[in-house]
Amino acid sequence: MNKQVTNPVNLTAEEFMHPGNRACSGCGLSTLYRIGLKALGRDSIFVVPPSCLTVMQGLYPIAATQIPCLNVTFASTAAAASGVRAALKVRKKENTKVVAWAGDGGTSDIGIQSLSAAIERGEDFLYICYDNEAYMNTGVQRSGTTPQGTITTNTPIKGKIQKNKDLPKIIAAHNPTYVATCSAAYPLDFYNKIIKAISLKGMKYIHIHTPCPSGWGIAERLSITVGKMAVNAGLYDLYEVENGKKTLSGPSSKLLQKKELPRVAEYLKIQSRFRALSEQQIAEIQAEIDTKWEGYRQEVG
Amino acid sequence: MDDKKCIIMTSNSKSGPGDAGRTGSWRVERPVIDLKKCTPAKRQKASCYLCWLYCPDGVISKELEPQINLEYCKGCGICAQECPTSAIEMVEETRLIEEERKINEKN
Amino acid sequence: MKRIESGNVAAALGVKLAKTQVVAAYPITPQTPLTEKLSELIEAGELEAEYITVESEHSALAVCIGAASAGARAFTATSANGLLYMSEQVHWAAGARLPLVMCVVNRGVGAPWTVWNDHQDSISQRDAGWIQIYVNDHQEIIDTVIKAFRLAETVSIPVMVCYDGYYLSHTHMPFDVPDENKVDTFLPAYSYKHTLNPESPENLNTVTMPFARPDRDGVNKPGYMDIRHNLQQELRTSIPVFEEIDTAYKAIFGRGGSPILSAYKCEGADFIVAAMGSLSNRIKDIVDELNLEGLKIGVLSVHLYRPFPQAQIIAALQDAKGVIVIEKALSYGNQGALFGDIKAALYPCIKRPFAHSYIIGLGGREIKKADLYDAIKESCTTSETFEDTSRWIGLNR
Ligand SMILES: Cc1ncc(C[n+]2csc(CCOP(=O)(O)OP(=O)(O)O)c2C)c(N)n1
Ligand code: SF4
Ligand code: SF4
Ligand code: SF4
Ligand SMILES: [Mg+2]
């Protein structure tokens with residue numbers, strides 16, 4: 001395949017999102033959204049449940065986005081997107097892209113039922129989940145993807161007791177056309193994966209690790225840096241799943257050559273949300289990462 | 001169908017900037033680009049643009065001499081943090097405002 | 001063309017004649033045969049539509065919301081707990097002013113489980129901002145489904161067509177199926193004012209302020225309360241609009257004429273029994289008997305329940321001595337729902353009839369002719385005072 005390498009120089013300068021929006025300063029979602037829209041272009045219809053994205057896209061009557069968007073109830077994103085797709089089909093406007101874009105709470109918790117069903121039906125749209133690892137819009141409560149030990153406003157002292165659910169894996173178990181994981185710190189990887197996803201028919205799912213300075217307790221300037229740390233420490237892996245086969249992509253696949261990855265403690269210790277983690281818990285997280293990467297290395301031989 | 005009878009009022013926003021107003025006023029620190037250090041400016045050739053790529057608010061221009069739209073720049077400092085040549089410095093707004101005031105007084 | 005079919009099939013044929021483009025539904029008794037029929041019509045190619053087999057009623061209405069916003073005529077149907085499960089979406093569809101049509105095949109709600117008929121399901125959603133129409137027989141089902149699409153699309157407000165589970169949904173009765181070409185002339189192509197369109201992008205239904213706020217061009221736009229006030233106003237407007245639509249339907253198909261209320265022997269009656277749905281038809285028999293006994297009594301069948309037709313209710317009831325409301329739902333902790341509404345409507349009348357309330361047939365409890373006869377007769381011959389509680393008929397059997 002003739003792959004054009006996307007870089008900041010050849011990436012379109014056209015913006016589809018307006019400045020002066022309500023996202024917090026340094027919001028990882030903002031960067032993602034900006035670059036994501038460049039990949040999707042104007043012939044798209046968005047479906048968005050309540051989340052930080054709702055606020056970022058603008059309060060009535062001003063839209064910070066230049067893409068048509070249907071705001072829907074929290075649990076119904078994938079079902080509403082199926083309805084939009086059905087209407088476009090009967091109206092013979094099948095080239096218009098339908099994109100559901102939701103948070104981790106809206107996807108892993110309240111929206112998982114309608115999403116699971118949409119994948120099972122083989123709907124034709126792209127579902128993007130930006131995972132900032134908590135319910136940020138309502139003031140940082142734990143979600144299904146919040147990592148173990150995280151301090152949130154409803155796990156305020158001990159941190160979240162349970163482990164997070166591996167949402168991309170759950171989605172991949174449904175065998176949709178395409179599953180990919182991304183990080184806000186690697187927007188070009190995200191761009192390329194969107195381009196690939198929209199070239200395919202059927203249900204596509206992209207999950208993005210999305211730093212949130214206010215919810216994670218980091219300086220605003222560090223949201224890209226911290227995202228890179230999660231990937232480089234081997235904690236958050238970027239990969240694609242097609243036809244049941246998982247392949248590490250871009251920034252993560254490069255780690256296979258490395259003998260030793262940076263310690264995850266660096267990533268954990270710069271975020272105040274992890275302040276309740278004990279040294280032993282950190283060592284356990286590190287051990288899990290090591291075992292996982294040992295497995296990856298053995299797979300590639 | 002019958003627009004005479006019903007107005008059909010809904011929440012239907014039209015696109016435009018500044019939903020949150022001039023977000024430049026959120027800034028505590030201002031990004032200042034030193035063009036002597038900035039790769040595209042130095043080489044006079046389109047290159048790098050990592051600040052433009054990462055800027056959450058899309059307020060840096062992709063020009064040989066990148067410009068920052070201070071009306072909306074929120075001052076997050078990501079551009080400074082990610083610039084590979086350390087061409088961007090975050091300077092306290094209060095200091096800049098004070099300096100600007102002095103310059104104005106002299107003139 | 002005459003056919004003898006169930007009420008559910010009558011509804012499905014109405015949906016087909018309306019050339020519905022997107023159907024989404026989730027099975028629940030007694031709605032199921034309606035949506036099964038639609039699956040069959042679509043798979044057989046008799047109706048060119050997308051059928052989305054969703055995993056829940058919440059999603060069924062979500063699909064319709066998405067489809068209607070993106071420019072397609074959409075339909076769903078449900079009953080009882082299915083309607084309750086989609087309640088969040090029911091409110092959403094009205095606030096977004098989506099011209100959807102939904103059949104509610106009336107059934108009692110749990111707990112405890114019941115699959116049998118009463119009106120508690122749709123009555124519980126009466127404040128959501130939908131138009132609610134209750135129909136009495138198979139002919140009214142098919143005709144009203146077709147009219148409902150035109151009404152919904154004219155005023156851009158969703159319409160619920162409610163009919164009794166089992167009594168109508170599962171019984172076979174003859175009805176006339178309107179001619180397809182004539183329906184095409186009656187029902188224009190689907191339209192929605194804010195159809196999602198990449199060429200003129202709009203962000204629909206996002207967070208809306210408590211106050212008016214200027215748009216990008218400095219023009220003040222309404223706040224949440226103004227948008228909701230407009231829904232209320234245009235619900236009121238939809239009463240005469242429904243009458244006009246019914247008149248237009250009658251001109252083509254020769255049926256109709258009483259879309260809001262239908263009165264049976266109410267002219268000069270001393271007493272009027274008010275009811276909704278198929279129960280109204282049963283009460284007609286009792287009224288005939290009581291007429292023979294010399295009582296001047298009629299039946300008022302309330303079809304349009306939301307928006308509530310105050311003016312028509314006043315005109316129909318104000319000259320009677322007494323109004324007897326018999327219904328299959330209540331506002332728990334208060335009284336019969338229709339009863340409360342009728343009393344409120346009559347409040348401005350100088351000479352108010354007395355009003356009695358009866359609750360009957362909940363969860364399919366058998367409605368005996370003698371129950372109706374005794375209750376109505378007792379009301380006509382005894383108390384003439386106002387009464388605030390509802391009497392329950394047919395308990396403990
Ligand atoms: C049915 C329903 N329950 C709860 C809410 C409140 N609510 C709005 S946004 C939100 C959290 C969103 O979390 P997530 O999906 O992770 O997005 P984020 O805010 O983190 O971007 C919640 C709980 C709602 N709007 N609707
Ligand atoms: S809370 Fe986090 S995700 Fe939400 S806008 Fe702020 S930085 Fe972005
Ligand atoms: S990141 Fe630095 S070097 Fe690169 S374009 Fe921006 S300012 Fe210039
Ligand atoms: S990255 Fe942040 S500080 Fe830099 S220009 Fe953009 S908004 Fe301003
Ligand atoms: Mg979240």
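The values are calculated or read from the model by the stated rules, or taken from the named source; none is laboratory data. The model shown is predicted, which means the values in this text are computed figures rather than measured ones. Cβ sites come from the backbone with ideal geometry, for glycine too, and all protein chains shown count toward neighbours. Calculation scope for accessible area: heavy atoms of the full protein, side chains included, ligands and nucleic acids excluded. Shrake-Rupley method; radii C 1.70, N 1.55, O 1.52, S 1.80 Å.
With the checklist (1) within 14 Å of chain C (Cβ to nearest Cβ); (2) without any contact (Cβ under 8 Å) to a residue 24 or more places away in the chain in hand, flag the one item A:Lys169 doesn't pass.
Unmet for A:Lys169, out of (1) within 14 Å of chain C (Cβ to nearest Cβ); (2) without any contact (Cβ under 8 Å) to a residue 24 or more places away in the chain: (1).
Which one of these does B:Gly21 not meet: (1) open to solvent by 20 Å² or more (accessible area, probe 1.4 Å); (2) of a type outside the set (Val, Ile, Thr); (3) within 14 Å of ligand 4 (Cβ to nearest atom); (4) under 14 Å from the mean Cα position of the chain (by Cα)?
Every listed condition holds for B:Gly21 apart from (3).
Tell me which of these C:Arg216 doesn't satisfy, since it passes every other one: (1) more than 8 Å from every other protein chain (Cβ to nearest Cβ); (2) modelled with pLDDT under 95.
(1)
Given the conditions (1) at pLDDT 95 or above; (2) assigned to a loop (DSSP other than H, G, I, E, B); (3) within 7 Å of another protein chain (Cβ to nearest Cβ), and given that C:Glu234 satisfies all but one, which numbered condition is not satisfied?
Failing condition for C:Glu234: (2).
I'd like to check something: does segment C:176-184 contain any residue that is assigned to a loop (DSSP other than H, G, I, E, B) and within 14 Å of chain B (Cβ to nearest Cβ)?
no
Please verify whether segment A:121-136 includes one or more residues that are surrounded by fewer than 23 Cβ atoms within 10 Å (Cβ to Cβ), assigned to a strand (DSSP E or B) and near ligand 1 (Cβ under 10 Å from one of its atoms).
no
Looking only at segment C:188-223, count every residue that is in contact (Cβ under 8 Å) with a residue 24 or more places away in the chain, open to solvent by 50 Å² or more (accessible area, probe 1.4 Å) and part of a strand (DSSP E or B) and tell me the total.
Residues that pass the stated criteria total 0.
Give the residue, chosen from C:Thr171, C:Thr154, C:Thr185, that is in contact with a strand residue (DSSP E or B) (Cβ under 7 Å, 6 or more places away or on another chain), open to solvent by 10 Å² or more (accessible area, probe 1.4 Å) and of a type in the set (Val, Ile, Thr).
C:Thr171
This table checks each residue for (1) of a type in the set (Gly, Ala, Ser); (2) part of a loop (DSSP other than H, G, I, E, B).
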position: C:Ile245; (1), (2): no, no
position: C:Ala269; (1), (2): yes, yes
position: C:Ile283; (1), (2): no, no
position: C:Val323; (1), (2): no, no
position: C:Ala345; (1), (2): yes, no
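If you go through segment A:65-75 one residue at a time, do you hit one that is within 8 Å of chain C (Cβ to nearest Cβ), within 16 Å of ligand 2 (Cβ to nearest atom) and open to solvent by 10 Å² or more (accessible area, probe 1.4 Å)?
No: segment A:65-75 contains no residue that is within 8 Å of chain C (Cβ to nearest Cβ), within 16 Å of ligand 2 (Cβ to nearest atom) and open to solvent by 10 Å² or more (accessible area, probe 1.4 Å).
Among the hydrophobic types (A, V, I, L, M, F, W, C) and closer than 15 Å to C:Gly298 by Cα: which single residue out of C:Leu346, C:Leu372 fits that description?
C:Leu372
Which numbered condition in (1) more than 16 Å from ligand 2 (Cβ to nearest atom); (2) among the aliphatic types (A, V, I, L, M); (3) within 14 Å of the chain's Cα centre (by Cα); (4) part of a helix (DSSP H, G or I) is the only one that A:Val179 fails?
Failing condition for A:Val179: (4).
Listed residues A:Ser214, A:Ser253; which is away from chain B (no Cβ under 14 Å), small (Gly, Ala, Ser) and either touching a residue at least 60 places away in the same chain (Cβ under 8 Å) or more than 16 Å from ligand 2 (Cβ to nearest atom) (or both)?
Answer to the check: A:Ser253.
Can you report the number of residues in segment A:76-112 which are within 7 Å of chain C (Cβ to nearest Cβ) and within 10 Å of ligand 1 (Cβ to nearest atom)?
Residues flagged as within 7 Å of chain C (Cβ to nearest Cβ) and within 10 Å of ligand 1 (Cβ to nearest atom) within segment A:76-112 amount to 1.
Only one residue in A:Ile161, A:Ile157 is touching a residue at least 24 places away in the same chain (Cβ under 8 Å), surrounded by fewer than 21 Cβ atoms within 10 Å (Cβ to Cβ) and in a loop (DSSP other than H, G, I, E, B), so which one is that? Steps first, answer last, please.
Working: A:Ile161 fails: touching a residue at least 24 places away in the same chain (Cβ under 8 Å).
Just one listed residue meets the conditions, A:Ile157.
Residues of segment C:349-373 being modelled with pLDDT of 95 or more and open to solvent by 90 Å² or more (accessible area, probe 1.4 Å), which ones?
Across segment C:349-373, the qualifying residues are C:Glu366, C:Lys369.
In segment B:97-105, is there at least one residue being at pLDDT 95 or above and among the basic types (Lys, Arg)?
No: segment B:97-105 contains no residue that is at pLDDT 95 or above and among the basic types (Lys, Arg).
Filter segment A:174-232 down to the residues that are within 16 Å of ligand 4 (Cβ to nearest atom), of a type in the set (Ser, Thr, Tyr) and surrounded by fewer than 24 Cβ atoms within 10 Å (Cβ to Cβ) and list them by number.
Scanning segment A:174-232 gives A:Ser214, A:Thr225.
Checking B:Asp57 against (1) open to solvent by less than 30 Å² (accessible area, probe 1.4 Å); (2) within 11 Å of ligand 3 (Cβ to nearest atom); (3) not aliphatic (A, V, I, L, M): exactly one of these is not met. Which one?
(2)
Given B:Lys42, B:Lys102, B:Lys62, which one is exposed (fewer than 13 other Cβ atoms within 10 Å of the Cβ), away from ligand 1 (no atom under 16 Å from the Cβ) and without any contact (Cβ under 8 Å) to a residue 24 or more places away in the chain?
Only one candidate qualifies: B:Lys102.
Restricting attention to segment A:255-290, which residues are at pLDDT 95 or above, among the polar types (S, T, N, Q) and over 24 Å from the mean Cα position of the chain (by Cα)?
Of everything in segment A:255-290, those that are at pLDDT 95 or above, among the polar types (S, T, N, Q) and over 24 Å from the mean Cα position of the chain (by Cα) turn out to be A:Ser278, A:Gln280, A:Gln281.
Consider only pairs whose beta carbons are under 7 Å apart and that are at least six residues apart or on different chains; among these, list those whose first residue lies in segment A:41-60 and is touching a residue at least 24 places away in the same chain (Cβ under 8 Å) and part of a loop (DSSP other than H, G, I, E, B) and whose second residue is within 16 Å of ligand 4 (Cβ to nearest atom) and not basic (Lys, Arg).
Once the first residue is touching a residue at least 24 places away in the same chain (Cβ under 8 Å) and part of a loop (DSSP other than H, G, I, E, B) and sits in segment A:41-60, its partners that are within 16 Å of ligand 4 (Cβ to nearest atom) and not basic (Lys, Arg) give A:Gln57/A:Ala64; A:Gly58/A:Asn21; A:Gly58/A:Ala64; A:Gly58/B:Asp19; A:Leu59/B:Asp19.
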